[in-house]
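Here is the structure we will look at.
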Amino acid sequence: MTPDGTPAQNEVGLPAEPDVREALDASARDAVARVVGAHPGSPLAWAELADHADSEGRALDAFAYATVAADLAREQLAARGWEPGSSVPWADEPNRAYLRALDAQRRAAVALGLDDRATTVADELAAADPEAPARIASEFTPTQLITIVSPSDAFEPTYVSSEASASTEASVGDPIAAPDAAASNGDD
């Protein structure tokens, strides 16, 4: 990007997808597949689907969806003059679909034990925008897994063996006598 916010001469980016963005914003998280069905050529829709699968721990699905998203993005970028290894800046919002897809593909490859593929995709992501991995981690976090604890599990009593509890039991000593107000001489 140039100082005035316009893309540099050699930077190429993905086209904006306002219809897809609107459809994703209006859809429930579990309805992303319908958005992909309505917009099968959208890297953004596929990247969202990859992130959704990743958030549910479905590494195989996430890898497949992210691969499609990255391939579609590469095709669209190449049609606009991009060459592999060239910059695809995070600052240009439409490019985030490609960068997120690469990151989702990398995470899924790690989970699947595809270490060489994970390294290749990580290198491609770093070549596209060296700051993108940190930006994705700090700004785009819908893929974080949250452990859901049912109320019955949260309040399930924990029993400790009598040996373990012997050292933690409170001891009861002699009761303390109640003060006798008549015996008090007024001194504190």
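Would you confirm, using the coordinates I've provided, whether Trp82 is more than 26 Å from Asp30 (Cβ to Cβ) and aromatic (Phe, Trp, Tyr)? Please lay out each step first, then the result.
On the way: more than 26 Å from Asp30 (Cβ to Cβ): yes; aromatic (Phe, Trp, Tyr): yes.
Criteria met by Trp82.
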Problem set entry | From Ser27, Ser42, Ser55, Ser86, residue being crowded, with 19+ Cβ neighbours inside 10 Å and among the hydroxyl-bearing types (Ser, Thr, Tyr) | Ser42
Exercise. Which residue pairs have Cβ atoms under 8 Å apart, sit 6 or more places apart or on different chains, and have a first residue in region 22-51 that is more than 9 Å from Tyr65 (Cβ to Cβ) and a second that is in a loop (DSSP other than H, G, I, E, B) and hydrophobic (A, V, I, L, M, F, W, C)?
Worked result: Pro43/Leu14
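Kindly indicate whether Arg21 is more than 17 Å from the chain's Cα centre (by Cα), closer than 21 Å to Arg135 by Cβ and among the charged types (D, E, K, R).
Details: more than 17 Å from the chain's Cα centre (by Cα): yes; closer than 21 Å to Arg135 by Cβ: yes; among the charged types (D, E, K, R): yes.
The answer is yes for Arg21.
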For this session: Give region 83-130 a look and list any residue that's more than 17 Å from Pro43 (Cβ to Cβ), assigned to a helix (DSSP H, G or I) and free of Cβ contacts under 8 Å to residues at least 40 places away in the same chain, or say none.
Result: Val110, Asp115, Asp116, Arg117, Ala118, Thr119, Thr120, Ala122, Asp123, Ala126
Seminar exercise, completed: Among Ala104, Ala16, Ala79, the single one that is modelled with pLDDT of 95 or more and either under 20 Å from Ala137 (Cα atoms) or within 17 Å of the chain's Cα centre (by Cα) (or both) is Ala104
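I'd like to check something: does region 94-103 contain any residue that is open to solvent by 70 Å² or more (accessible area, probe 1.4 Å) and not polar (S, T, N, Q)?
No - not one qualifying residue is present in region 94-103.
The values are calculated or read from the model by the stated rules, or taken from the named source; none is laboratory data. Remember, predicted model here, so these are calculated numbers, not experimental data. With ideal geometry, Cβ positions are generated from the backbone for all residues, glycine too; neighbour counts draw on all protein chains shown. Side chains included, ligands, DNA and RNA excluded: accessible areas come from the protein's heavy atoms. Shrake-Rupley method; radii C 1.70, N 1.55, O 1.52, S 1.80 Å.
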